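Okay, structure first, notes after.
The values are calculated or read from the model by the stated rules, or taken from the named source; none is laboratory data. If you're wondering where the values come from, they're calculated on a predicted model, not measured in any experiment. Quick reminder, even Gly has a Cβ in these numbers, built from the backbone with ideal geometry, and neighbours come from all protein chains shown. Areas reflect the complete protein model, heavy atoms only, side chains present, ligands, DNA and RNA absent. Shrake-Rupley method; radii C 1.70, N 1.55, O 1.52, S 1.80 Å.
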Amino acid sequence: MAKLAPSLLSADFIKLGEQIDILKSKGISYLHFDVMDGIFVPNISIGIPVLKSIRSYTDMVLDVHLMITQPERYIDAFSAAGADIINIHYEATDKHIEIFKRIRELGKTPAITIKPRTSWKEIIPLLKYVDMVLVMSVEPGFGGQSFIPESLNNVRGLKEYRDNHGLAFDIEIDGGINLENAEKVVSAGADILVAGSSVFSKGDISEQTEKFMDILEKR
Ligand code: DX5
Ligand code: ZN
């Protein structure tokens, strides 16, 4: 069954513990944590101190999406702060293999992320080093944007390649995911759906999460 990874970018940081408790009580096991540096993307979000606080609060899987330039500078710091999965952008560095090896040395899960206009084919040589590929379905930088349908080509391409080459990475999708398109992205091959505004900003978090889980369970 595909998983839902709520993106904390849309959470209410005054009520963060309470909101994490609600998600956990609904069977959520992954939390998506967006880090932005104002350079790789035109926005600044949350970072190491907030990650540390969350780590000390929960044993859920912390899926850290680094939207930062030269992420090699911060792998050890995010690992120490409690990341479980460390997602780096393909477009943000040329030291991919070195970074994935370091993430493994630290006992964490390496993942690569591609922007909507990057073709999955560009990362073929890197696929054997990662346990997850994150396909962006909006331009990274902001929550609440509209889903870019063409990004499903990247999901389909990756799924077919993985299945034909005996690889086992998970395919995650991030950006504009909602109750209307969740089923379609799972059909295309997504294993993990990141959702920010549609979990936190569309009314009751608990009800929204239940609705997502219903869709994922029916598949
Ligand atoms: C955007 C972030 C996303 C964001 C998704 O750059 O990577 O994780 O929180 O937000 P929604 O689900 O609102 O598109
Ligand atoms: Zn993200």
Quick calc: nm separation of the 7 Å Cα→Cβ label points for E72 and S53 -> 3.3
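Tell me the net charge near P6. Cut-off is 14 Å between Cβ atoms, P6 excluded, with +1 for each Lys or Arg and -1 for each Asp or Glu.
Numbers: positive: K3, K15, K24, K26, K202, K211; negative: D12, E18, D21, D34, D63, E172, D174, D204, E207, E210.
Residues close to P6 contribute a combined charge of -4.
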Treat every Asp and Glu Cβ in the stretch 130-219 as -1 and every Lys and Arg Cβ as +1, leave all other atoms uncharged, and give the resulting dipole magnitude about the Cα centre to the nearest 20 debye. 180
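What share of the DSSP beta bridges in the chain is antiparallel, in percent to the nearest 5?
Numbers: 1 of 34 bridges.
Around 5 percent antiparallel, to the nearest 5.
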Accessible heavy-atom area order of M213, M67, highest first, probe of 1.4 Å: M213, M67
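Dipole of the stretch 1-81, Cα-centred, from +1 at each Lys and Arg C-beta and -1 at each Asp and Glu C-beta, to the nearest 20 debye? Walk me through the numbers before you get to the answer.
Values: 7 positive and 9 negative charges, 34 e Å.
In total the dipole reaches around 160 debye.
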Accessible-area composition of the chain, carbon plus sulfur, in percent [1.4 Å probe]: 48
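Taking the Cα centre of the chain as origin, sum charge times position over the Cβ atoms of Lys and Arg (+1) and Asp and Glu (-1), and report the length of that vector in debye to the nearest 20.
The dipole magnitude comes to about 320 debye.
Just the number, please: Stokes-Einstein D of the stretch 1-123 in µm²/s, Kirkwood Rh from C-alpha pairs, 20 °C, 1.002 mPa s.
Details: Rh = 15.0 Å.
Approximately 143 µm²/s, per Stokes-Einstein.
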Sort out for me the Cα centre separation of the stretch 132-203 from the stretch 86-130, rounded to whole Å. 17
So how much accessible area does L179 have, in Å² to the nearest 10, using a 1.4 Å probe? 40
Can you tell me the order of 130-141, 166-177, 33-44 when each peptide is scored by its average per-residue count of other Cβ atoms within 10 angstrom, highest first? 130-141, 166-177, 33-44
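Does the stretch 95-213 come out rounded, prolate or oblate, given a ≥ b ≥ c as the square roots of the eigenvalues of its C-alpha gyration tensor, rounded meaning a/c under 1.5 and, failing that, prolate meaning a/b above b/c?
Numbers: a/c = 1.91, a/b = 1.62, b/c = 1.18.
Here the stretch 95-213 falls in the prolate category.
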Going out from 0 in 10 Å bins, what whole percent of all Cα-Cα distances in the chain drops into each bin? 8, 37, 39, 15, 0
The pairs in K101/K218; K3/K108; K15/K184; K24/K108; K128/K218 lying past 28 Å Cα-Cα in this model are K101/K218; K15/K184; K128/K218
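With a 1.4 Å probe and all protein chains in place, put T209, T69 in order of accessible area, largest first. Don't skip to the answer; put the middle values down first.
Working: T209 0, T69 40 Å².
The ranking, largest first, comes out as T69, T209.
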Keeping all protein chains in position, work out how much accessible area K52 exposes to a 1.4 Å probe, and write it in Å² to the nearest 10. 120
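What does the accessible area per residue of the stretch 88-134 come to in Å², with a 1.4 Å probe and no ligands, DNA or RNA counted?
Numbers: 2230 Å² over 47 residues.
The answer is 48 Å² per residue.
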Over the Cα atoms of the stretch 56-150, what Rg and Dmax result, in angstrom? 13.3, 39
